[in-house]
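Colleague: The structure follows.
The values are calculated or read from the model by the stated rules, or taken from the named source; none is laboratory data. In this text the structure is predicted, and so the values were computed from the model without any measurement. Every residue, glycine among them, receives a Cβ derived from its backbone with ideal geometry; neighbour counts consider all protein chains shown. Each accessible area value is taken on the protein alone, full model and side chains, heavy atoms only, with ligands, DNA and RNA left out. Shrake-Rupley method; radii C 1.70, N 1.55, O 1.52, S 1.80 Å.
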Amino acid sequence: MSIEVIRPGLLSTIQDEGRTGYRRYGIHPGGVMDTFAARAANMLVGNPRNVAVLEMTMTGPELRFQESQLVSLCGADLSATVDHLPVPLWRPVLVRAGSVLKFGPCRHGLRCYLAFAGGIAVPEEMGSRSTNLKTGLGGLEGRALHVADLLSTGEPSGEAQGWMKRMEQQVEESEWDRRILAPAWFLSERERPDYYGRSVIRVMESKDSSLFSEASLGHFYAEKYVISPQSDRMGYRLQGSRLELNQPLDRLSEAVTYGTVQVPPDGQPIILMADHQTIGGYPVIAQVAQVDMPILAQARPGNQISFEQITHDQARQLYMEQECNMQLMDKLIRRRMVGMESTK
């Protein structure tokens, strides 16, 4: 065991990219809310994309490292420190044995991802290590972190092991007792989603869009909606102009997915998030483009958002561009880890 939980934080759960193939049994995929930040965190420590990370919401935990670890923090800025030294985001960081990682006030965003080289070692259940809080599947006994939990990590990649060895050697040869080491390079804002500058969420029309009144469609695309405090990992409830159908609708439930925008009878839309139900009977006014789901995952209750309609082809093109950029970043990071020397 290498990481001791001193304080668990508000909601800290082990997540990977989710549990697929079980929707027919009513089990949602779940997984990380911000897929970009979690994947970037894994890339920065030399992990494959689907390795388990720690998802921390609003208030982070306090963790004691019993062994030196290569980690990265991506997503929300939760004022992370190691032994009172600030921990930079969006880059690999060597945290030395005996150090304590703490988190303070949430400065930006909502969810931060902590990746360890080798990933968090918990058993797979139904093909995933993600914590499903409703069914008690995955993660640590299907629950959020508790005080005195112990986290194990898997075998780091060759690139990560090589980098850690060089950094430890550099510390031993140094006159200072450094608790953390990080390279000068990092994933710049240009390489990330526009988390804090973009409040317009791009959506595609659904087959139900024509069922809504012209006035309601006008409200949906022209006005702002506020994310309600009743929002969670299952769905974001929005508050704004009431949306109405042209006529009452009574139909069977059908499949829904991450980013589906449903409209229940009260006329206030709900965006389905990672822990969404597998089927729904409410009419669907739109589907959020996948590239904008990370931006939603970092939006807090009280934030205002609006919607911009794009075509399915545009959404597909945006996704392909993001995927190409992610694959290129992964290659560049691995090259830099092999030759990394410059540290701060």
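Colleague: Output the number of the condition that residue 26 fails; it satisfies all remaining conditions of (1) crowded, with 24+ Cβ neighbours inside 10 Å; (2) small (Gly, Ala, Ser); (3) at pLDDT below 95.
Modeller: Unmet condition: (1).
Colleague: Give segment 18-56 a look and list any residue that's closer than 22 Å to residue 95 by Cβ, small (Gly, Ala, Ser) and in contact with a strand residue (DSSP E or B) (Cβ under 6 Å, 6 or more places away or on another chain), or say none.
Modeller: Within segment 18-56, 37, 38, 40, 41, 52 qualify.
Colleague: Shifting gears a bit: Would you check which residues across segment 291-321 are within 11 Å of residue 193 (Cα to Cα) and either β-branched (Val, Ile, Thr) or modelled with pLDDT under 95 (or both) and list them?
Modeller: We begin by selecting, within segment 291-321, every residue within 11 Å of residue 193 (Cα to Cα); these are 291-296, 298.
Selection gives 291, 295.
Colleague: Now, a different point. Among the acidic types (Asp, Glu) and under 30 Å from residue 48 (Cβ atoms): is that true of residue 244 in this structure?
Modeller: No.
Listed here are the residues, each with its yes/no results for (1) over 20 Å from residue 150 (Cβ atoms); (2) assigned to a loop (DSSP other than H, G, I, E, B).
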residue: 49; (1), (2): yes, yes
residue: 55; (1), (2): no, no
residue: 63; (1), (2): no, no
residue: 67; (1), (2): no, yes
residue: 70; (1), (2): no, no
residue: 98; (1), (2): no, yes
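Colleague: From the residues in segment 262-303 that are of a type in the set (S, T, N, Q) and either out of contact with any Phe, Trp or Tyr (no Cβ under 7 Å at 6 or more places or on another chain) or assigned to a helix (DSSP H, G or I) (or both), which one is least open to solvent (accessible area, probe 1.4 Å)?
Modeller: The selected residue is 278.
Colleague: Okay, next question. Residues of segment 112-123 being touching a residue at least 12 places away in the same chain (Cβ under 8 Å) and part of a loop (DSSP other than H, G, I, E, B), which ones?
Modeller: 117, 118, 119, 121, 122 - these are the residues of segment 112-123 that are touching a residue at least 12 places away in the same chain (Cβ under 8 Å) and part of a loop (DSSP other than H, G, I, E, B).
Colleague: Could you tell me whether residue 181 is in contact with a strand residue (DSSP E or B) (Cβ under 9 Å, 6 or more places away or on another chain), open to solvent by less than 30 Å² (accessible area, probe 1.4 Å) and either over 17 Å from residue 71 (Cα atoms) or not small (Gly, Ala, Ser) (or both)?
Modeller: Against the criterion (in contact with a strand residue (DSSP E or B) (Cβ under 9 Å, 6 or more places away or on another chain), open to solvent by less than 30 Å² (accessible area, probe 1.4 Å) and either over 17 Å from residue 71 (Cα atoms) or not small (Gly, Ala, Ser) (or both)), residue 181 qualifies.
Colleague: Another question, then. For residue 326, are the conditions met, namely being assigned to a helix (DSSP H, G or I), more than 25 Å from residue 224 (Cβ to Cβ) and open to solvent by less than 70 Å² (accessible area, probe 1.4 Å)?
Modeller: Details: assigned to a helix (DSSP H, G or I): yes; more than 25 Å from residue 224 (Cβ to Cβ): yes; open to solvent by less than 70 Å² (accessible area, probe 1.4 Å): yes.
When the stated conditions are applied, residue 326 passes them.
Colleague: Please verify whether segment 143-162 includes one or more residues that are in contact with a Lys or Arg (Cβ under 9 Å, 6 or more places away or on another chain) and on the phi > 0 side of the Ramachandran plot.
Modeller: no
Colleague: Filter segment 199-233 down to residues that are part of a loop (DSSP other than H, G, I, E, B) and hydroxyl-bearing (Ser, Thr, Tyr) and give me whichever is least open to solvent (accessible area, probe 1.4 Å).
Modeller: The extreme case among them is 228.
Colleague: Out of 85, 63, which single residue is modelled with pLDDT under 95, out of contact with any His (no Cβ under 6 Å at 6 or more places or on another chain) and of a type outside the set (Gly, Ala, Ser)? Before the answer, list the steps.
Modeller: Numbers: 63 fails: modelled with pLDDT under 95.
Unique residue meeting the criteria: 85.
Colleague: Name the single residue, out of those in segment 8-23 being part of a loop (DSSP other than H, G, I, E, B) and under 23 Å from residue 150 (Cβ atoms), that is most open to solvent (accessible area, probe 1.4 Å).
Modeller: Restricting attention to segment 8-23, the residues satisfying the condition of being part of a loop (DSSP other than H, G, I, E, B) are 8-11, 16-22.
Next, only the ones that are under 23 Å from residue 150 (Cβ atoms) stay: 8-11, 16.
On the way: 8: 33, 9: 24, 10: 117, 11: 51, 16: 7 Å².
Once the filter is applied, the top-ranked residue is 10.
Colleague: In segment 136-164, which residues are of a type in the set (Ser, Thr, Tyr) and not in a strand (DSSP E or B)? Spell out the reasoning first.
Modeller: As a first pass, look at segment 136-164 and keep what is of a type in the set (Ser, Thr, Tyr): 152-153, 157.
Once the filter is applied, which keeps residues that are of a type in the set (Ser, Thr, Tyr) and not in a strand (DSSP E or B), segment 136-164 yields 152, 157.
Colleague: Continuing with this model, one more query. Here is a list: 59, 81. Which entry is of a type in the set (Val, Ile, Thr), open to solvent by 10 Å² or more (accessible area, probe 1.4 Å) and in contact with a strand residue (DSSP E or B) (Cβ under 7 Å, 6 or more places away or on another chain)?
Modeller: Just one listed residue meets the conditions, 81.
Colleague: Turning to a different aspect of this structure: Just to be sure I understand the filter: pairs with C-beta atoms under 9 Å, separated by 6 or more residues or on different chains, first member in segment 132-154 and closer than 27 Å to residue 97 by Cβ, second member acidic (Asp, Glu) and open to solvent by 30 Å² or more (accessible area, probe 1.4 Å). Which pairs pass?
Modeller: So the pair list comes out as 139/125; 148/4; 149/4; 150/4; 151/4; 153/67.
Colleague: Separate question: Picking from 187, 238, which residue would you name as being touching a strand residue (DSSP E or B) at 6+ places or on another chain (Cβ under 8 Å), open to solvent by less than 60 Å² (accessible area, probe 1.4 Å) and part of a loop (DSSP other than H, G, I, E, B)?
Modeller: Every option except 187 fails the conditions.
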